[in-house]
Amino acid sequence: MPARFASTSPEMTQAWARELAAGLQAPVVIALIGNLGAGKTQVAKGIAAGLGLTAAITSPTFTLINEYPLPNGGVLYHVDCYRLQEAEREARQLGLEELFDLGIVLIEWADRIPTLLPAARIDIYLSDAGPGRRDIELHDLRAQPLPSPAAV
Ligand SMILES: Nc1ncnc2c1ncn2[C@@H]1O[C@H](COP(=O)(O)OP(=O)(O)O)[C@@H](O)[C@H]1O
Ligand SMILES: [Mg+2]
């Protein structure tokens with residue numbers, strides 16, 4: 001699972017995300033960060049496929065949160081913060097934080113709700129690197145070593 005990945009097609013992005021999904025254990029929050037068209041939903045589709053969902057997932061842009069039962073009994077939540085006007089206040093009102101312990105939570109435009117995100121999460125940054133190309137960077141923020149007393 002490379003921390004940096006240069007994708008040259010949507011299929012390659014999905015395949016990368018499928019591989020990521022294979023090692024995922026709930027509960028986990030995955031923040032998808034990147035501009036419109038960067039490939040956040042492609043990553044979500046790959047993760048869903050890797051978790052064994054056979055039906056295609058669609059972007060939750062108009063519903064905010066889509067919920068998919070997984071074959072293993074867990075739940076995949078697919079969240080999109082793009083349309084929230086006051087993203088943090090509205091997401092809090094919708095009870096987004098309550099999902100964080102409940103399953104695998106994918107959040108598109110997660111950078112719009114920075115104070116709501118749990119510190120222990122996976123960040124995935126996507127950027128457009130030319131026609132058909134996307135740079136993907138993964139930061140696993142879950143197992144941070146505790147700061148040493150001297151550093152506090
Ligand atoms: N390497 C690539 N990885 C992902 N998407 C790509 C790639 N190259 C081109 N695309 C295109 O970019 C678009 C990404 O759309 P989408 O995943 O919905 O973006 P977002 O959810 O970030 O707005 C799709 O139309 C897809 O076909
Ligand atoms: Mg999207």
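The values are calculated or read from the model by the stated rules, or taken from the named source; none is laboratory data. Keep in mind that what you see is a predicted model, and the values were worked out from it rather than measured. For neighbour counting, all protein chains shown are included, and Cβ atoms are generated from backbone atoms with ideal geometry for every residue, glycine included.
Of the residues making up the range 15-48, those that are within 16 Å of ligand 2 (Cβ to nearest atom), over 13 Å from the mean Cα position of the chain (by Cα) and over 23 Å from Pro114 (Cβ atoms) number 0.
Assessment of the range 92-111 against the conditions (away from ligand 1 (no atom under 16 Å from the Cβ), under 20 Å from Glu137 (Cα atoms) and surrounded by fewer than 17 Cβ atoms within 10 Å (Cβ to Cβ)) yields no matching residue. In the range 25-65, which residues are under 14 Å from Leu99 (Cβ atoms), within 13 Å of ligand 1 (Cβ to nearest atom) and either at pLDDT below 95 or assigned to a loop (DSSP other than H, G, I, E, B) (or both)? Matches in the range 25-65: Pro60 only.
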